1. Cross-link list K38/K159; K60/K222; K153/K177; K48/K159; K48/K153; K38/K222: which exceed 32 angstrom alpha carbon to alpha carbon?
2. Below 16 Å, Cα to Cα, which lysines can K54 reach? Residues fewer than 8 away in the same chain don't count.
3. In a shell of Cβ-Cβ distance under 10 Å around E212, excluding E212 itself, what net charge do Lys and Arg (+1) and Asp and Glu (-1) give?
4. What are the ³J(HN,Hα) values, in whole Hz, obtained from phi via the Karplus relation 6.51 cos²θ - 1.76 cosθ + 1.60 with θ = phi - 60°, for each residue of segment 201-206 in sequence order, with x given for Gly and Pro?
5. Within 10 Å of each candidate Cβ there may be at most 10 other Cβ atoms; applying that plus a DSSP loop requirement, which trypsin sites (Lys or Arg not before Pro) in segment 139-209 survive?
6. Is the shape of segment 78-171 best called rounded, prolate or oblate, per the rule: a/c under 1.5 gives rounded, else a/b larger than b/c gives prolate, else oblate, with a ≥ b ≥ c the square roots of the Cα gyration tensor eigenvalues?
7. Net charge near G92: determine it from the other residues with C-beta under 9 Å of the C-beta of G92, scoring Lys and Arg +1 and Asp and Glu -1.
8. Give me the lysines in straight-line cross-link reach of K115: C-alpha distance below 22 Å, same-chain residues under 8 apart excluded.
Amino acid sequence: MRIILTLVGLAAGQVLASAQGSALTSTQEMNRLHQDSKAYIAHLEDPKRDAYQKPHEVVKALNIKEGEVIADIGAGSGYFTFHLARAVGETGRVYAVDVNPDMIVHMNRRIRDLKVGNVVTILCPPDDPLLADASVDRFFICDTWHHINGHAKYLALLKRMLKPGGQVIMVDFKKVKTPVGPPMEIRIDRDDLVREMETNGFQVAAEHTFLEYQYFVVFKVK
């Protein structure tokens, strides 16, 4: 997905200008944004995002205990990673998992600069988070599931990697028109997600409805 910046910089900059505070209307537009790491990081870290993403409220709703181990799948720039790290405390750990080396470098710089001791970055292939069996209390997957192929295989891996009683948290955009978010054609409807999770051995444990544009569903192993 990485393309030489000089070939795409102008196009990505135009996409960034239209994407901040607005929905991405096509997969081509979304892909151009992803190809320019600086533009994509700026998009993920846009201060306007907090208004609809409500990161503090999301983390609070999870009632995370100190000492938990959480894997942030598709961590990107670390937007949620560092919120989660504060919640798990010094005795906990957050694995920031991503397929993009530029995102990993960006997060490593933030870990160094912020002197964070409980975040570990993992550069992984698209089909495997590369975590040990029974090592994770919760998987946190925000705005990422529609980027992952082979859901059944991936969920089987997550099930193996979860500790007993562990959870998979899914936050993603509703399949309706919203002023922000990915193209409609790649969005996954909330009911379709629940059916898919149930087919693969999970069930709804909790659901939060305070996000205007996204569903927020917590799953546990059946």
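The values are calculated or read from the model by the stated rules, or taken from the named source; none is laboratory data. Given the structure is predicted, the values throughout are model-derived calculations rather than measurements. Counting neighbours? That spans all protein chains shown, and the Cβs are built from the backbone with ideal geometry, glycine included. SASA here: full protein model, heavy atoms, side chains in, ligands and nucleic acids out. Shrake-Rupley method; radii C 1.70, N 1.55, O 1.52, S 1.80 Å.
1. Working: K38/K159 34 Å; K60/K222 25 Å; K153/K177 30 Å; K48/K159 34 Å; K48/K153 35 Å; K38/K222 41 Å.
With Cα atoms farther than 32 Å apart: K38/K159; K48/K159; K48/K153; K38/K222.
2. Partners found: K174.
3. +2
4. x, 10, 9, 5, 9, 6
5. In loop regions of segment 139-209 (DSSP not H, G, I, E or B), the sparsely surrounded trypsin sites (Lys or Arg not before Pro) are K177.
6. Details: a/c = 1.91, a/b = 1.31, b/c = 1.46.
It comes out oblate by the Cα gyration axes.
7. Summing Lys/Arg as +1 and Asp/Glu as -1 gives -2.
8. Partners found: K65.
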